[in-house]
1. Look at Arg30 and say whether it is at negative phi, outside the structural domain of Leu78 (by TED's automatic domain parsing) and part of a strand (DSSP E or B).
2. Is it true that Asn35 is part of a strand (DSSP E or B) and either among the polar types (S, T, N, Q) or loosely packed, with under 10 Cβ neighbours inside 10 Å (or both)?
3. Is it the case that the range 46-58 has a residue that's part of a loop (DSSP other than H, G, I, E, B), under 24 Å from Gln119 (Cβ atoms) and among the polar types (S, T, N, Q)?
4. Would you confirm, using the coordinates I've provided, whether Phe19 is surrounded by 14 or more Cβ atoms within 10 Å (Cβ to Cβ), out of contact with any helix residue (DSSP H, G or I) (no Cβ under 8 Å at 6 or more places or on another chain) and in contact (Cβ under 8 Å) with a residue 24 or more places away in the chain?
5. I'm trying to understand the selection: among the residues of the range 62-72, which are surrounded by 10 or more Cβ atoms within 10 Å (Cβ to Cβ) and assigned to a loop (DSSP other than H, G, I, E, B)?
6. Residues of the range 34-65 being farther than 18 Å from Trp5 by Cα and not β-branched (Val, Ile, Thr), which ones?
7. When you check Gly57 against the structure, is it surrounded by 10 or more Cβ atoms within 10 Å (Cβ to Cβ), modelled with pLDDT under 95, closer than 27 Å to Ala41 by Cβ and out of contact with any strand residue (DSSP E or B) (no Cβ under 6 Å at 6 or more places or on another chain), yes or no?
8. Within the range 73-90, can you find the residues that are surrounded by fewer than 10 Cβ atoms within 10 Å (Cβ to Cβ) and either in contact with a helix residue (DSSP H, G or I) (Cβ under 9 Å, 6 or more places away or on another chain) or in contact (Cβ under 8 Å) with a residue 24 or more places away in the chain (or both)?
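The values are calculated or read from the model by the stated rules, or taken from the named source; none is laboratory data. Just so we're clear, the structure is a prediction, and the values are computed from it rather than from any experiment. Glycine gets a Cβ as well: all are built from the backbone with ideal geometry, and neighbour counts include every protein chain shown.
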Amino acid sequence: MEFLWATITVRNMKESLEFYQEIVGLSLNRRVQSNETTELAFLGDGQTQIELIHHSGRQAPETGKGISLGFAVEDLELMMEKIKEKGLTMYDGPFAPNPHVRFFYVLDPNGLKIQFVEQR
């Protein structure tokens, strides 16, 4: 079985696309208007992608508090600087559970926890 994507229902497609492209660094693969009220966007270069979906005229559901998406970064310090430069705040961390892993969390525009992880 192949894991294709994780879907996030978003409140604002423009804000969410900016976050996932500019902060996380994912590329936009395709963006489609599936009907008059529903827009989809697929991001990511790997086998598994992030699907953003926006339903105009409908309130987005509250994002699960126990869910996070993890992304690898080369340099955690540089990523923390980038977060500050973009006017975002760290939600939690940084943490170093062992000598080989460090990470921290930010919230995306919809309240979903995004984890940035440096593995040594």
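1. Considered against the rule, which asks whether it is at negative phi, outside the structural domain of Leu78 (by TED's automatic domain parsing) and part of a strand (DSSP E or B), Arg30 comes out as yes.
2. On the way: part of a strand (DSSP E or B): no; either among the polar types (S, T, N, Q) or loosely packed, with under 10 Cβ neighbours inside 10 Å (or both): yes.
So Asn35 fails the test.
3. So far as the range 46-58 goes, yes, one or more of its residues are part of a loop (DSSP other than H, G, I, E, B), under 24 Å from Gln119 (Cβ atoms) and among the polar types (S, T, N, Q).
4. Numbers: surrounded by 14 or more Cβ atoms within 10 Å (Cβ to Cβ): yes; out of contact with any helix residue (DSSP H, G or I) (no Cβ under 8 Å at 6 or more places or on another chain): yes; in contact (Cβ under 8 Å) with a residue 24 or more places away in the chain: yes.
Yes, satisfied.
5. Residues satisfying the conditions are Thr63, Gly64, Ile67.
6. Kept after step one, since they are farther than 18 Å from Trp5 by Cα, are these residues of the range 34-65: 35-37, 55-62, 65.
Selection gives Asn35, Glu36, His55, Ser56, Gly57, Arg58, Gln59, Ala60, Pro61, Glu62, Lys65.
7. Criteria not met by Gly57.
8. Residues of the range 73-90 that are surrounded by fewer than 10 Cβ atoms within 10 Å (Cβ to Cβ), as a first pass: 74, 85, 87, 89.
Within the range 73-90, Glu74, Thr89 qualify.
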